[in-house]
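Read the structure below first, then the notes.
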Amino acid sequence: MKVHKVGFMSAAVVLTVGFFMSCRNGTENRNAYGAECDGLELLESVSDVHFAFVPMGVYMSALNYDDGILSVSISNQSGKTISYGGEYYLQKLSGDEWIDLRLPEGYVFTEGVKRLGDLDESTESYDISVFGKLGPGKYRLKKTGIDATFTLVEKR
């Protein structure tokens with residue numbers, strides 16, 4: 001996996017070329033959360049940091065996608081400890097517009113606040129199958145102040 005980090009005056013971009021694994025439960029055709037396997041894989045990931053909410057030096061990038069479960073890396077190189085919650089949202093690119101995908105009515109995030117020290121990195125997994133059946137395309141996972149943009153394609 002090759003990682004490129006490019007800094008700008010008020011933005012940072014991380015490009016990660018991802019990889020994939022087969023459905024977690026093999027012959028059952030279900031992922032670790034019980035959702036049906038979808039036949040998609042991660043092609044690429046780009047992380048955008050929005051400094052209005054997150055200090056400079058905090059990056060999130062998609063590492064792996066396996067049948068509805070997206071694994072991301074959150075890296076803190078900000079010089080201080082950061083906190084982030086369990087909430088996440090998903091958007092899909094349609095033409096040149098990002099469309100919010102809806103969570104099921106009544107869906108509640110149950111994960112509490114996490115802390116990440118300076119120079120630490122955390123790998124988190126998010127069940128994005130809760131947003132419905134996903135197809136090939138460009139998506140963006142959003143957390144407060146930080147995004148990871150990634151592309152899903154049909155498995156080869």
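Quick notes on this one:
- Net length gained if the chain between Trp98 and Lys114 were fully extended (0.36 nm per residue, minus Cα distance): 3.0 nm
- Karplus (6.51, -1.76, 1.60) ³J(HN,Hα), θ = phi - 60°, over region 104-118, in Hz, Gly and Pro reported as x: x, 4, x, 5, 10, 7, 10, 6, x, 6, 10, 10, 9, x, 4
- Gain in span if fully extended, Glu87 to Thr144, counting 0.36 nm per residue against the direct Cα distance: 19.7 nm
Read-outs throughout are calculated quantities, based only on the coordinates presented, and are distinct from any laboratory measurement. This structure is a prediction, so every number in the text was calculated from the model and none was measured.
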